[in-house]
Amino acid sequence: MSIKKFALAAVLAAVASPALADNCSVVVESNDMMQFNTKEIVVSKACTEFTIELKHVGQLPKAAMGHNIVITKQADMQAAGNDGIAAGLDNDYVKPDDERVLAYTKLIGGGETDTVKFSTEKFEKDGAYEFFCSFPGHSAIMKGVVKVTD
Ligand code: ZN
């Protein structure tokens, strides 16, 4: 194989790599034990848009064991979480039009799924961000780091 052909093959292999395509989305599972299955979500700024799919693999209804994913700056997590609780179940425990909330899914119950797609533009590389469930009492356990990379 000539060097030219080899280089082209390498480029095509890189483009076709499923690992690269998967960098712009992640699936997070939650359950009846008040847990997410991950403590970290890596968001690459190379993606203009990033997708998070939240699955509730338990059986309890959302009024009893509802879960969502809310992303804020680490510094805003507590206050935005408190305002979310005040906003109540009808608002998915997220204060409407809260500018501190960078992305969030709906609140879901057992067997349900929700997906959020958001622009990575407002995230700064190496910034301190967190994801958490804003259902009352859940964020003490149901939280993790959002790591922003190039
Ligand atoms: Zn929850």
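Tell me, please, whether a residue that is at pLDDT below 95, over 11 Å from the mean Cα position of the chain (by Cα) and either farther than 19 Å from PHE118 by Cβ or not charged (D, E, K, R) (or both) can be found in region 25-39. No. Look at LYS95 and say whether it is basic (Lys, Arg) and within 15 Å of the ligand (Cβ to nearest atom). In short, no. Pairs linking a residue in region 123-150 that is among the β-branched types (Val, Ile, Thr) and assigned to a strand (DSSP E or B) to a residue that is open to solvent by 40 Å² or more (accessible area, probe 1.4 Å) and more than 9 Å from the ligand (Cβ to nearest atom), with Cβ atoms under 6 Å and 6 or more positions apart or on different chains, are VAL145/GLU40; VAL148/LYS125.
Yes/no matrix, rows are residues, columns are (1) more than 16 Å from THR72 (Cα to Cα); (2) within 15 Å of the ligand (Cβ to nearest atom):
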| position | (1), (2) |
| --- | --- |
| LYS106 | no, yes |
| THR113 | yes, yes |
| LYS117 | no, no |
| THR120 | no, no |
| GLU124 | no, no |
| GLY137 | yes, yes |
| GLY144 | no, yes |
| LYS147 | no, no |
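Count of region 42-89 residues, restricted to those that are within 16 Å of the ligand (Cβ to nearest atom), assigned to a loop (DSSP other than H, G, I, E, B), among the small types (Gly, Ala, Ser) and in contact with a strand residue (DSSP E or B) (Cβ under 9 Å, 6 or more places away or on another chain), is 2. Any chance region 44-54 includes a residue that's farther than 21 Å from ASP150 by Cβ and not acidic (Asp, Glu)? Yes, region 44-54 contains a residue that is farther than 21 Å from ASP150 by Cβ and not acidic (Asp, Glu). Would you be able to say whether some residue in region 108-124 is of a type in the set (Ser, Thr, Tyr) and touching a Lys or Arg at 6+ places or on another chain (Cβ under 6 Å)? Within region 108-124 (the criterion being of a type in the set (Ser, Thr, Tyr) and touching a Lys or Arg at 6+ places or on another chain (Cβ under 6 Å)), the answer is yes, since at least one residue qualifies. Being away from the ligand (no atom under 12 Å from the Cβ) and either under 19 Å from VAL101 (Cα atoms) or surrounded by 14 or more Cβ atoms within 10 Å (Cβ to Cβ) (or both) is not true of PHE36. The condition of being modelled with pLDDT under 95 and open to solvent by less than 80 Å² (accessible area, probe 1.4 Å) holds for only one of ALA21, ALA64, that being ALA21. Restricting attention to region 85-118, the residues being surrounded by fewer than 18 Cβ atoms within 10 Å (Cβ to Cβ), in contact with an Asp or Glu (Cβ under 6 Å, 6 or more places away or on another chain) and of a type in the set (Ser, Thr, Tyr) number 1.
The values are calculated or read from the model by the stated rules, or taken from the named source; none is laboratory data. Please read all numbers here as calculations on a predicted model, not as lab measurements. Cβ: placed from backbone, ideal geometry, glycine included. Neighbour counts: every protein chain shown. The area values use the complete protein model at the heavy-atom level, side chains included, leaving out ligands, DNA and RNA. Shrake-Rupley method; radii C 1.70, N 1.55, O 1.52, S 1.80 Å.
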